[in-house]
1. Under the rule a/c < 1.5 gives rounded, and otherwise a/b versus b/c splits prolate from oblate, where does the chain land using the Cα gyration tensor?
2. Which peptide among 201-212, 244-255, 142-153 comes first, and what is the full order, when sorted by highest mean count of other Cβ atoms within 10 Å?
3. If you build a Gaussian network model of the chain, linking Cα atoms that sit under 10 Å apart, which residue out of 49, 139, 112 swings the most?
4. Which of the peptides 32-42, 126-136, 86-96 is most tightly packed, and how do the rest follow, going by the mean number of other Cβ atoms within 10 Å of each residue?
5. For a protection proxy built on the mean count of beta-carbon atoms within 10 angstrom, sort 99-107, 227-235 highest first, please.
6. Give, in nm to one decimal, the length gained when the segment between residue 196 and residue 212 is fully stretched (0.36 nm per residue of separation minus the Cα-Cα distance).
7. Taking Cα centroids, how far is the stretch 46-66 from the stretch 183-197 in Å?
8. Between residue 142 and residue 75, what is the label-point separation in nm under the 7 Å Cα-to-beta-carbon projection?
């Protein structure tokens with residue numbers, strides 16, 4: 001199962017895989033298991049073309065099996081392994097169930113009126129993952145929880161900006177509707193891929209929000225906890241680079257595939273790891 005979890009993380013080519021590859025073997029195995037759970041939960045919503053009722057049923061069963069896994073009684077080997085990791089690192093259960101609720105939100109609503117509405121979604125699908133991870137990394141200050149929460153919000157908002165076209169193709173519009181009104185950019189515009197100055201201004205507005213969330217996260221991370229958070233910091237640097245790339249390309253996500261490549265992710269992760277290994 002450890003190898004299977006590693007393969008799930010590696011196949012995804014995610015920033016997650018590169019950021020956590022330099023952890024010690026025990027923590028790396030734990031993180032691969034947590035990632036495999038998160039990816040498997042996400043796949044229930046995003047893979048295939050099943051009706052929403054089927055996905056609801058799958059999520060409901062997944063939640064029940066997660067509850068069983070705490071006692072090692074799940075029919076899924078991955079969840080039983082996760083149950084052991086939860087006990088080993090004393091990870092609170094709530095973030096795992098909140099993540100599933102976040103996936104349910106993708107079935108219940110495809111639009112968000114305000115940024116506060118969107119923040120709830122971002123918390124459930126991203127900040128929860130941060131709250132799982134910091135228990136594995138280890139920390140001493142309660143403010144590190146706020147670091148994880150705000151970093152998760154920043155990462156997810158950056159993801160949303162990158163994936164505008166992909167999400168629109170699935171009928172999902174995550175940008176707050178009242179922000180779209182503010183910049184005179186309609187839902188029809190986004191669904192048809194209309195790239196104009198109004199869109200660029202709207203995206204810059206949301207990108208500035210992401211920057212503030214990154215800054216808020218940094219302010220919450222105590223100096224004492226920085227060394228143990230090097231993997232989270234690597235994720236942060238990768239996503240800040242992504243945000244910078246989006247800006248430098250004027251957010252032309254309809255016509256360009258804007259991303260951070262594998263070599264860049266690996267270099268950033270190694271650089272952050274070296275900094276915290278050598279300086280602290």
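1. oblate
2. Details: 201-212: 17.8, 244-255: 15.3, 142-153: 21.5.
Taking the mean over residues of other Cβ atoms within 10 Å, the ranking is 142-153, 201-212, 244-255.
3. Residue with maximal mean-square fluctuation among 49, 139, 112: 49.
4. In decreasing order of mean packing, 32-42, 126-136, 86-96 become 126-136, 32-42, 86-96.
5. On the way: 99-107: 19.1, 227-235: 23.0.
So the order, starting with the most tightly packed, is 227-235, 99-107.
6. On the way: separation 16, 0.36 × 16 = 5.76 nm, distance 2.48 nm.
This chain segment gains 3.3 nm when fully extended.
7. Each part's Cα centre sits 32 Å from the other's.
8. Roughly 4.3 nm, to one decimal.
Every read-out reported here was derived from the displayed coordinates using simple, explicitly stated rules and does not represent laboratory data. Being a predicted model, the structure only gives us computed values, none of them experimental. With ideal geometry, Cβ positions are generated from the backbone for all residues, glycine too; neighbour counts draw on all protein chains shown.
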